[in-house]
Amino acid sequence: MKKKYAFLDRDGTLIHEPTDTFQIDSLDKLKILDGVIVGLQKLIALGFKLVMISNQDGLGTASFPQKDFEVPQERMLEIFRENGIRFDKIFICPHFPKENCACRKPKLGLLDEKFRASIDLERSLMYGDRETDRLFALNLGIKFVQVPTNGHFPKIGTDYATYVRNLPAGGLGGEDCTDFGRDLRRASLKSLKKILAASEKK
Ligand SMILES: [Mg+2]
Ligand SMILES: [Zn+2]
């Protein structure tokens with residue numbers, strides 16, 4: 001059976017992207033953005049599998065040693081786990097743009113054939129803050145959710161059907177979105193209440 005994925009850019013979408021170096025290479029630079037925890041919890045409650053996809057320029061070179069990436073990355077994943085959030089897959093392109101690799105967003109090279117075959121294209125979404133994220137969604141043929149860089153993660157509320165219907169079509173016709181929204185709304189009524197009740201107790 002095909003799966004409904006929420007693809008998520010990392011820097012500027014889930015965590016704060018430094019405006020000078022664009023590099024999160026130490027623990028003190030790690031800041032999870034507003035609305036991200038509850039937003040990801042809701043996506044999970046709505047039946048999405050989470051997939052992180054990120055370009056990390058020069059990862060593993062002197063300009064961005066592997067260890068400097070891993071420390072804040074591991075801490076971030078730990079915070080997510082503590083909040084019941086797990087990622088099914090994490091895809092990282094470690095190349096510089098000049099290397100012209102096949103895996104840098106908006107290219108699709110990080111997704112192998114088997115994984116691509118598992119994607120429910122009509123129901124999957126891509127969240128990101130850059131044009132490359134939008135083009136990635138377009139290349140894959142899924143809908144795109146624009147996130148403000150270092151801003152608040154898009155709110156997914158009781159009007160989720162409208163929210164999804166109004167998303168720009170990334171290779172999809174507008175008709176498909178009506179059923180999509182209705183299904184989501186139905187799924188959300190039960191599972192959202194459960195998750196919200198649990199998070200309010202904390
Ligand atoms: Mg970004
Ligand atoms: Zn690459």
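The values are calculated or read from the model by the stated rules, or taken from the named source; none is laboratory data. This is a predicted model, so every value here is computed, not measured. Methodologically, a virtual Cβ is constructed for each residue, glycine included, from the backbone with ideal geometry; neighbour enumeration extends over all protein chains shown.
Conditions tested, residue by residue: (1) modelled with pLDDT under 95; (2) within 16 Å of ligand 1 (Cβ to nearest atom); (3) in contact with an Asp or Glu (Cβ under 7 Å, 6 or more places away or on another chain); (4) among the hydrophobic types (A, V, I, L, M, F, W, C).
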position: Ile79; (1), (2), (3), (4): no, no, no, yes
position: Asn83; (1), (2), (3), (4): no, no, no, no
position: Ile90; (1), (2), (3), (4): no, yes, no, yes
position: Ala102; (1), (2), (3), (4): no, no, no, yes
position: Pro106; (1), (2), (3), (4): no, yes, no, no
position: Leu111; (1), (2), (3), (4): no, no, no, yes
Odd one out for Asp34, checked against (1) closer than 24 Å to Leu111 by Cβ; (2) out of contact with any Asp or Glu (no Cβ under 7 Å at 6 or more places or on another chain); (3) at pLDDT 95 or above; (4) of a type outside the set (Gly, Ala, Ser): (1)
Matching residues, the range 8-33, being farther than 19 Å from Tyr127 by Cα and either within 16 Å of ligand 2 (Cβ to nearest atom) or of a type in the set (Lys, Arg) (or both): Lys29
The one condition in (1) out of contact with any helix residue (DSSP H, G or I) (no Cβ under 7 Å at 6 or more places or on another chain); (2) farther than 22 Å from Phe91 by Cβ that Ser26 fails to fulfil: (1)
Qualifying positions in the range 108-128 - buried (at least 17 other Cβ atoms within 10 Å of the Cβ) and in contact with a Cys (Cβ under 8 Å, 6 or more places away or on another chain): Leu110
Complete set of residues in the range 1-38 that are within 11 Å of ligand 1 (Cβ to nearest atom) and assigned to a strand (DSSP E or B): Leu8, Asp11, Ile15
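Given the criterion of a type in the set (A, V, I, L, M, F, W, C), outside any loop (DSSP other than H, G, I, E, B) and at pLDDT below 95, identify the matching residue among Leu43, Leu50.
Sole residue among the options that is of a type in the set (A, V, I, L, M, F, W, C), outside any loop (DSSP other than H, G, I, E, B) and at pLDDT below 95: Leu43.
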Selection count where residues are charged (D, E, K, R) and either within 19 Å of Phe7 (Cα to Cα) or under 16 Å from the mean Cα position of the chain (by Cα) (or both), scope the range 79-103: 4
